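Undergrad: Questions regarding the structure given below will be posed in turn.
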Amino acid sequence: MAEAAKKPLPVVDFLKVPDGGDPYLEGQKCKQCGAVYLGERAHCSKCGARDSMQATRLSNRGSLYVFSIVHRSFPGVEVPYISAVVDLEGGGTLKGNLIGVEANPEKIELGMPVDVVFKDALGRKDREGNSYVSYFFQPRAK
Amino acid sequence: MSDVYVVGVDMTKFQKAGSTRSVSELGARAALMALDDAGLKIQQMEALYCGNLYQASGMVGQRVLQEIGQTGIPVVNVANACATGATAFREGWMAIKAGVYDVVLAVGVEVMGKGLLGGGGGGGGIPKEGLLGSATMPAVFAEAGMEHARKYGTTFEQFAKVSVKNHHHSTMNPKAMYQIETPLEMVMNAEMIAYPNTKLMCSVNVDGAASAVLCSERKLKELGLGKRAVRVRASAMASDPWQERDLVMPDVNTCTRLAAKRAYEMAGCSPEDINLVELHDCFATAELLHYENLGLCKDGEAGRMIDTGEVALGGRVPVNVSGGLLSKGHPLGATGIANIYEVCTHLRGEAGKRQVPNARFGMTHVIGLGSACAIHILEKAN
């Protein structure tokens, strides 16, 4: 049963929600070659090193690499939304929704600085009624 | 090692998704067409390589034989995303190259569902589509196109011109799903699916099958099939090498470049020798990338290629004269062999109104996300 006071769950396993602290993204970095991954893994597919991963806190700052504005999606998914690929400062690339900007290609600048922000997952709940916290990108205030 | 030849090849007319009785019936139809094209019987085939994606665990190759002749030959069922059909063809090529068999059959077949591909979710928790961006195919390939736009300033209009060209080509191909002209305004003003891909810039979900009979040089001479034969000059594949963004952004470029390099080396020819190309235009945004990936032009010149008509029928190197996946249709597991059918038809000089004149070398390219790229270079045999 849903419990009103229950802490929201992270939407993906590389989003960490510490007790009493701010959420953050955690990557896995190869100790041999420095490649950065999202999510738990054992080996490095860039250099082939085994058992070489080390958890690393990812930056909340990045820049917009590319985007698409999605107008047709699956039933129940509100459109339009901006699907964005963001390169994080210090390594790691992430896909997510870009918010806080009009869904108009002329208003979205490739390469623009963005911040990673953490908010409720658009009201989506799982079968048990749990709420989730997700990450989003928004243009950095100038 | 023996050269390998295509001696029979054909495809069904691609039709609206859901219009087919069964995948085995559709695959059987293409197999019989290819056998008839070669003038051979199922009893002469030494092995079958069958490509199908959506029923990958369903023994589709055996079911095809259950329709047309259960001769007891080995059957290999292949699934490799959108490279499925080309991979099945290549397995047959390899077996002949290795000297294991002299004549084999390859079939690619798909019965498709409707609607968006990709982004269906899976995993626990809550649905991620529209929350963590988009994993739908139109958006994924839109983003790949935007990467080109970011580097070279490629425009929405240039991407749209790809659809204008391919739809125009398919008006001359009776086996294509569509035979309609789509002027630029119509393409650009069609329903936006995932910017910059409008509905007319997305490949069509269709049911379809294609098949090829491959044989060794020895068998070619024995059967006297040299007249319409097509020589396989190169069969190359690649998987996706590590790229820094590939966890979130499938890289169709590096994978294609790697396979293309291998193919040109194997064929001992260069991009300038290629007279026509059937490449993987699953979305209009994808086609432009592959002009550069396949070496048809230098990096950054793809926009010019579409603007000047160099890639249209009558141009320097016509691309997707069949109509491509955008207009001929894209039955995933069949596409790789349907491309081979198109190129062979031109090399044989049998392509009718859409014939590329004096075609000697042709290239086929498919890429399945995940990723698998398969490239074939085919040559007129006489």
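The values are calculated or read from the model by the stated rules, or taken from the named source; none is laboratory data. Just so we're clear, the structure is a prediction, and the values are computed from it rather than from any experiment. When we count neighbours, we look across all protein chains shown, and the Cβ atoms used for this are built from the backbone with ideal geometry, even at glycine.
Undergrad: Residue by residue through the stretch A:47-80, note down the ones that are farther than 14 Å from A:Asn97 by Cα, within 10 Å of another protein chain (Cβ to nearest Cβ) and surrounded by 18 or more Cβ atoms within 10 Å (Cβ to Cβ).
TA: A:Arg72
Undergrad: Now for a different question. Being surrounded by fewer than 16 Cβ atoms within 10 Å (Cβ to Cβ), facing chain B (nearest Cβ under 9 Å) and either part of a strand (DSSP E or B) or in contact with a strand residue (DSSP E or B) (Cβ under 7 Å, 6 or more places away or on another chain) (or both) is the requirement here; does A:Leu94 meet it?
TA: Values: surrounded by fewer than 16 Cβ atoms within 10 Å (Cβ to Cβ): no; facing chain B (nearest Cβ under 9 Å): yes; either part of a strand (DSSP E or B) or in contact with a strand residue (DSSP E or B) (Cβ under 7 Å, 6 or more places away or on another chain) (or both): yes.
No, not satisfied.
Undergrad: Would you confirm, using the coordinates I've provided, whether A:Arg140 is within 11 Å of chain B (Cβ to nearest Cβ), of a type in the set (Lys, Arg) and either crowded, with 19+ Cβ neighbours inside 10 Å or in contact with a strand residue (DSSP E or B) (Cβ under 8 Å, 6 or more places away or on another chain) (or both)?
TA: Numbers: within 11 Å of chain B (Cβ to nearest Cβ): no; of a type in the set (Lys, Arg): yes; either crowded, with 19+ Cβ neighbours inside 10 Å or in contact with a strand residue (DSSP E or B) (Cβ under 8 Å, 6 or more places away or on another chain) (or both): yes.
Spelling it out, it is not the case that A:Arg140 is within 11 Å of chain B (Cβ to nearest Cβ), of a type in the set (Lys, Arg) and either crowded, with 19+ Cβ neighbours inside 10 Å or in contact with a strand residue (DSSP E or B) (Cβ under 8 Å, 6 or more places away or on another chain) (or both).
Undergrad: Working only within the stretch A:118-134, note down all residues that are within 16 Å of A:Gly96 (Cα to Cα) and either touching a residue at least 40 places away in the same chain (Cβ under 8 Å) or of a type in the set (S, T, N, Q) (or both).
TA: A:Phe118, A:Asp120, A:Ala121, A:Leu122, A:Tyr132, A:Val133, A:Ser134
Undergrad: Can you tell me how many residues in the stretch B:105-142 are under 18 Å from A:Ala84 (Cβ atoms), surrounded by fewer than 24 Cβ atoms within 10 Å (Cβ to Cβ) and either in contact (Cβ under 8 Å) with a residue 12 or more places away in the chain or more than 10 Å from chain A (Cβ to nearest Cβ) (or both)?
TA: Matching residues across the stretch B:105-142 total 4.
Undergrad: Among residues belonging to the stretch A:29-46 that are within 21 Å of the chain's Cα centre (by Cα) and basic (Lys, Arg), point out the one that is nearest to the other protein chains (Cβ to nearest Cβ).
TA: It comes out as A:Arg41.
Undergrad: On to the next question. So is B:Thr155 within 13 Å of another protein chain (Cβ to nearest Cβ) and without any contact (Cβ under 8 Å) to a residue 40 or more places away in the chain or not?
TA: Values: within 13 Å of another protein chain (Cβ to nearest Cβ): yes; without any contact (Cβ under 8 Å) to a residue 40 or more places away in the chain: no.
When the stated conditions are applied, B:Thr155 does not pass them.
Undergrad: May I ask you to list pairs of residues, at least six apart or on different chains, whose Cβ atoms are under 6 Å apart, with the first in the stretch B:182-197 being touching a residue at least 40 places away in the same chain (Cβ under 8 Å) and within 8 Å of chain A (Cβ to nearest Cβ) and the second being of a type outside the set (S, T, N, Q) and surrounded by fewer than 23 Cβ atoms within 10 Å (Cβ to Cβ)?
TA: B:Ile193/A:Arg72; B:Ile193/B:Lys199; B:Tyr195/A:Pro105; B:Pro196/B:Phe156
Undergrad: Restricting attention to the stretch B:2-37, which residues are in a loop (DSSP other than H, G, I, E, B), surrounded by fewer than 18 Cβ atoms within 10 Å (Cβ to Cβ), touching a strand residue (DSSP E or B) at 6+ places or on another chain (Cβ under 7 Å) and not small (Gly, Ala, Ser)?
TA: The one that is in a loop (DSSP other than H, G, I, E, B), surrounded by fewer than 18 Cβ atoms within 10 Å (Cβ to Cβ), touching a strand residue (DSSP E or B) at 6+ places or on another chain (Cβ under 7 Å) and not small (Gly, Ala, Ser): B:Asp3.
Undergrad: Only one of (1) within 14 Å of chain A (Cβ to nearest Cβ); (2) part of a helix (DSSP H, G or I); (3) among the aromatic types (Phe, Trp, Tyr) fails for B:Tyr264. Which number is that?
TA: Status for B:Tyr264: all satisfied but (1).
Undergrad: Which condition breaks for A:Leu15 when tested against (1) under 16 Å from A:Asp87 (Cα atoms); (2) modelled with pLDDT of 95 or more?
TA: With respect to (1) under 16 Å from A:Asp87 (Cα atoms); (2) modelled with pLDDT of 95 or more, A:Leu15 is out only on (1).
Undergrad: With (1) of a type outside the set (D, E, K, R); (2) more than 9 Å from every other protein chain (Cβ to nearest Cβ); (3) buried (at least 24 other Cβ atoms within 10 Å of the Cβ) as the list, and B:Met172 as the residue in question, which single condition is left unmet?
TA: Just one mismatch for B:Met172, condition (3).
Undergrad: Still on this model: Check whether at least one residue in the stretch B:124-132 is at positive phi and out of contact with any helix residue (DSSP H, G or I) (no Cβ under 7 Å at 6 or more places or on another chain), and report yes or no. Quick ask: steps written out before the conclusion?
TA: Filtering the stretch B:124-132 down to residues at positive phi leaves B:125, B:130.
Cutting the leftovers down to out of contact with any helix residue (DSSP H, G or I) (no Cβ under 7 Å at 6 or more places or on another chain) gives us B:125, B:130.
For the stretch B:124-132, residues at positive phi and out of contact with any helix residue (DSSP H, G or I) (no Cβ under 7 Å at 6 or more places or on another chain): present.
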